[in-house]
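Student: First the structure, which I've put down as structure tokens, then a few questions once you've had a look.
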Amino acid sequence: MRAMVIRAFGGPEVFDLQEVPDPTPGPGELRVRVAASSVNPVDYKIRRNGAWAGVRPPAIIGYDVSGVVDAVGPGVTEWRQGDEVYYTPEIFGGRPGSYAQYHVVDAAIVARKPRNLDHVQAAAVPLAGGTAWDALVVRAGVRAGETVLIHGGAGGVGHFAVQIARASGCRVLATCSRRNLDFVRELGADVAIDYEAEDFVERTLRETDGQGVDVVFDTVGGPLLARSIEATRPGGRLVSIVSAASSLDAAHRKNLTVHFLFLLRERRRLDALRSLIERGLLRPVVDEVLPLEQVARAHARLESGHGRGKIVLEIPSRDP
């Protein structure tokens, strides 16, 4: 099969298109013909130096899949050849990722692809959409009538978070760049805040009559999480998918709950996302579609920080 392989840790130039042996599914596993994958920040973090995740070059990375079951391993009874599936592969342990024509996966973390999405759209969902779901629904436990502030509302995770918060009955505030203000409002944000032109704390307090929001979800990093304490009401919740760059001591005085999130792989989250998608309450936004061979370009674009929604890689079937 064809795969994009990192020959060493480093910049986007370390990718090579190679022919590698087809993987074989073991007990409890599926082999999936990958139709599309997407790129996520964790991809370029591992490409730069993925030793922390057990990755050792030469290696295949990539952590989103939409595709078709090609072969079923011993002991698997719920899946058949030809089933359309989507999932996010495991990161730890050095197992091959999804920048390849075929991928072997534990059947327990695979879910049925949403019927109303094609493979390109579906590949944009599992990691980013699952992260947004876990942050808001599982960790923060958002409830109808609450107010949520989302940092990076136009990004890969953020654009899902805006929609999930809206579907949960929350009032949504979201930060973004000026060019994305209308986009974030179209996703369902009640208030879009241009982080370059105004102070998000002042705007948030003004929008909440000085009370602050119930929940903050930070997808950006830097000092935002610490500063967000000022914009959160006493007893509120903060969730971040990036490390805190500043002290969070002030959260103690306001009785805030702080969660740090690294996504676990499981089917039930994908089933929940599929339900929202098929009911028209959630949609992935695909900013650009590139062939697998241009994964280096996709990484460079993502690392620039100027994207909107997701970048997806189309992966061709095996040559006849």
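Student: Evaluate the relative contact order of the stretch 158-262 (contact order divided by residue number), counting alpha-carbon pairs under 8 angstrom at least 6 apart; express in whole percent.
Tutor: That works out to 18 percent.
Student: Ok, one more. Quick check of the Kirkwood formula: for the chain, what is the inverse mean of 1/r over all pairs of different Cα atoms, in Å?
Tutor: It is 20.0 Å.
Student: Label-point separation (nm) for VAL137 and ASP199, each offset 7 Å from Cα along Cα-to-Cβ?
Tutor: 3.7 nm
Student: What nm distance separates the two modelled labels at ARG179 and THR257, each placed 7 Å from Cα along Cα→Cβ?
Tutor: Each label point is offset 7 Å from its Cα along the Cβ direction, giving 3.9 nm.
Student: Would you kindly state the longest site-free stretch of the chain, with sites defined as GluC sites (Glu not before Pro) in a DSSP loop (not H, G, I, E, B) surrounded by at most 15 other Cβ atoms within 10 Å?
Tutor: Details: sites that count: GLU78, GLU196, GLU198, GLU266.
Of all site-free stretches, the longest is 79-195.
Student: When only Cα pairs under 8 Å and 6 or more residues apart are kept, what is the percent relative contact order across the stretch 1-135?
Tutor: Across the stretch 1-135, relative contact order equals 30 percent.
Student: Let me spell out the model: positive unit charges on the Cβ of Lys and Arg, negative unit charges on the Cβ of Asp and Glu, origin at the Cα centre of the chain. What dipole size does that give, in debye rounded to 20?
Tutor: 460 debye
Student: At a Förster distance of 22 Å, what's the computed FRET efficiency of LEU17 paired with ASP118, Cβ-Cβ distance as r, to 0.05? Could you put the intermediate results ahead of the total?
Tutor: On the way: r = 24 Å, r/R0 = 1.11.
Plugging the Cβ-Cβ distance into 1/(1 + (r/R0)^6) gives 0.35.
Student: Shifting gears a bit: Skip the ligands, DNA and RNA, and give the accessible area per residue of the chain with a 1.4 Å probe, whole Å².
Tutor: That works out to 42 Å² for each residue.
Student: Suppose we flag chymotrypsin sites (Phe, Trp or Tyr not before Pro) only when DSSP calls them loop and at most 14 other Cβ atoms lie within 10 Å. Which is the longest uninterrupted stretch of the chain?
Tutor: In short, 93-261.
Student: May I ask you to rank LYS310, LYS45 by accessible area, largest first, using a 1.4 Å probe over the protein chains only?
Tutor: LYS45, LYS310
Student: Going through the stretch 66-130, which trypsin sites (Lys or Arg not before Pro) have at most 14 other Cβ atoms within 10 Å and a DSSP loop state?
Tutor: ARG80, ARG115
Student: Could you let me know the centre-to-centre spacing of the stretch 225-285 and the stretch 138-191, using Cα atoms, in angstrom?
Tutor: Using only Cα atoms, the two centres lie 11 Å from each other.
Student: Sticking with this one: Can you figure out the FRET efficiency of GLU314 with SER275, using R₀ = 22 Å and their beta-carbon distance, to the nearest 0.05?
Tutor: Working: r = 26 Å, r/R0 = 1.19.
That gives a FRET efficiency of 0.25.
Student: If I stretch the segment between GLU293 and GLU186 completely, what's the gain in nm (0.36 nm per residue apart, minus their alpha carbon distance), one decimal? Spell out each step's value before the answer.
Tutor: On the way: separation 107, 0.36 × 107 = 38.52 nm, distance 3.26 nm.
Gain on stretching GLU293 to GLU186: 35.3 nm.
Student: Taking the chain as a Gaussian network, Cα atoms linked when under 10 Å apart, which of THR257, THR147, THR88 shows the biggest mean-square fluctuation?
Tutor: Maximum fluctuation in the GNM of the chain, among the listed residues, is at THR257.
Student: Another question about this same structure. Explain nothing, just the number: relative contact order of the chain, from Cα pairs under 8 Å at least 6 residues apart, as a whole percent.
Tutor: 19 percent
Student: For ARG56 and SER247 in one chain, what is 0.36 nm times their gap in residues minus the Cα-Cα distance, to one decimal in nm?
Tutor: Fully extending the segment from ARG56 to SER247 adds 65.4 nm.
Student: Kindly sort SER168, SER98 by accessible area of their heavy atoms, largest first, with the probe set to 1.4 Å.
Tutor: These residues rank, largest area first, as SER168, SER98.
Student: Report the rotationally averaged projected area of the stretch 1-60 based on its alpha-carbon convex hull, in square nanometres.
Tutor: 4.8 nm²
The values are calculated or read from the model by the stated rules, or taken from the named source; none is laboratory data. Since we're looking at a predicted model, the values are computed, not measured. Reconstructed Cβ throughout: ideal geometry from the backbone, glycine too, with neighbour counts over all protein chains shown. Please note that ligands, DNA and RNA were not included when accessible areas were found on the heavy atoms of the full protein model with its side chains. Shrake-Rupley method; radii C 1.70, N 1.55, O 1.52, S 1.80 Å.
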